[in-house]
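As structure tokens, the structure follows; a few thoughts come after it.
The values are calculated or read from the model by the stated rules, or taken from the named source; none is laboratory data. This is a predicted model, so every value here is computed, not measured. Because the Cβ atoms are built from the backbone with ideal geometry, glycine has one as well, and the counts that use them run over all protein chains shown.
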Amino acid sequence: MTGTHAGFIYNFYSINTMKRTKINWYELKEGIHLYIDGRIFKKIIEKGIKKSGSLSKLCIELNSNHFYRILKEEINGTSIKRLKMLLDFLNIKYDKINHKILEIRKGKKISIKNPKFPINLLDESMGSIIGHMVSDGSLYYDKSRKDFIRTKYNSPDKTSINFFLENIKNVFGEVHYNESFIRNCNTIRFGNSIIGECLRKSGMSVGKKFKLDKGIPWIIYEGNLNMKRNYLSSVFDDEGSVGVNPLPYVILSRSIHMNLDKKEEQFVEKWVKPHMKVNKFPTGHINYNIPTGKLKDILQRRNKNLYNKILSSKPKILIDESKLLNEFNVENSIYTISFKITNNGGYSISNSLVIRKKKDITAFFNNIGFNLYRKQERLRNRLEEVGWINGNTALQHIDTEERNFQIY
């Protein structure tokens, strides 16, 4: 990775969080309930009975009658806190039961079936998960539960939803989720906090991304090239598009919140807002938008400092993604596209990362590409039309082993 900003992020997290690339069951909140293979659980309890002298003495030793219920009522679930107490009493290493955990539950609902402990944050599938989450996903705190992180992912494309869920399964196990379809968009929500906690520990921010303005999650820098490729492919699936005129290009757009002082707000209200286009949405929301070209004509004559401030406002994550593309020999440029007044009266700047040159866009196609068939095919077709790739070569995808494409 090159660049001062990216290097600082990598070095800081390598020193401080390298040991946190795996999350074990015993590091989760102690109130979470685990369900273990019944025969194995009973054998562990029987060892405790043998060591303490009787079941009643074991319950007294551990200050819990729960283990009595497990034997008598054939219950094979217990809290992480109780299980750790039992294993500590027997001097059994926690990792010994990693693959014996059948379910994680809350009440009667299964949160995760066949969980994969320890959860490997460096799994290549995490690249895709995080790529989707920093784009059309979000982490947010449940207002009714203390420190409980909810996870949500939205996409109008069912293929992206299925791809996201498959990667979740690869990393975490069979996770229970709720799915809804609102205003032509599929939404996935996870009821447990484990997914959100692991993503937060991977470097994802909790809250509104465009206001927090964080860079790429640190785990992506720790991952291998495939993990980084998966991240970029998922980001471009959600936020990227293919342009065709006059020559093919790929564009990735992101927005960032911007703070203005009182004088700047008054200036925008008087001189800029009257020239902005009004956008109305079916939800009743309204925003105002003006391209930077038109904004330049207004501000360079009246308020050059504000114009420079707007041009310099670029999302940290987009800057990081630009540098990450360079690792795949994909040069690119970032442009400030427009200035907006949001529905709630806030201000935002839209920026776009553009890949234009022949060598760069073909390198993107060969080494990164879209997971979505329709986007990858659109890019391929346009590259064939201008003679930048060999049209006899089959369409490639992120999960295809062969990524070599003949380039003229």
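Remarks
- Residue 329 fulfils the conditions (1) in a helix (DSSP H, G or I); (2) surrounded by fewer than 18 Cβ atoms within 10 Å (Cβ to Cβ); (3) touching a helix residue (DSSP H, G or I) at 6+ places or on another chain (Cβ under 7 Å) except for a single criterion, (1).
- Qualifying residue in segment 163-179 (condition: assigned to a loop (DSSP other than H, G, I, E, B), in contact (Cβ under 8 Å) with a residue 40 or more places away in the chain and out of contact with any Leu (no Cβ under 7 Å at 6 or more places or on another chain)): yes
- Members of segment 46-63 that are in contact with a helix residue (DSSP H, G or I) (Cβ under 6 Å, 6 or more places away or on another chain) and surrounded by fewer than 19 Cβ atoms within 10 Å (Cβ to Cβ): 49, 52, 55, 59, 61, 62
- Restricting attention to segment 180-213, the residues that are aromatic (Phe, Trp, Tyr) and free of Cβ contacts under 8 Å to residues at least 12 places away in the same chain total 1.
- Test result for residue 387, modelled with pLDDT under 95 and part of a loop (DSSP other than H, G, I, E, B): yes
- The number of residues in segment 229-276 that are touching a Phe, Trp or Tyr at 6+ places or on another chain (Cβ under 7 Å) and either over 21 Å from residue 334 (Cα atoms) or exposed (fewer than 12 other Cβ atoms within 10 Å of the Cβ) (or both) comes to 3.
- Residue 359 among the charged types (D, E, K, R), in contact with a Ser or Thr (Cβ under 9 Å, 6 or more places away or on another chain) and over 21 Å from residue 219 (Cβ atoms): no
- Screening the candidates 200, 145, 189 for the property of being surrounded by fewer than 17 Cβ atoms within 10 Å (Cβ to Cβ) and in contact with a Phe, Trp or Tyr (Cβ under 9 Å, 6 or more places away or on another chain) yields one hit, 189.
- In segment 334-357, of all residues being without any contact (Cβ under 8 Å) to a residue 60 or more places away in the chain and over 25 Å from the mean Cα position of the chain (by Cα), the one that is farthest from residue 266 (Cα to Cα) corresponds to 357.
- Qualifying position, being surrounded by 16 or more Cβ atoms within 10 Å (Cβ to Cβ) and in a strand (DSSP E or B), among 324, 353: 353
- Of all residues in segment 199-223, those satisfying the criterion of being assigned to a helix (DSSP H, G or I) and either of a type outside the set (A, V, I, L, M, F, W, C) or at pLDDT below 95 (or both) are 200, 201, 209, 210, 211, 212, 221, 222.
- Every condition in (1) surrounded by fewer than 16 Cβ atoms within 10 Å (Cβ to Cβ); (2) modelled with pLDDT of 95 or more; (3) within 22 Å of residue 317 (Cβ to Cβ) is met by residue 166 except one, and the failing one is (3).
- Sole residue being more than 30 Å from residue 218 (Cβ to Cβ) and in contact with a Ser or Thr (Cβ under 8 Å, 6 or more places away or on another chain), chosen from 326, 287: 287
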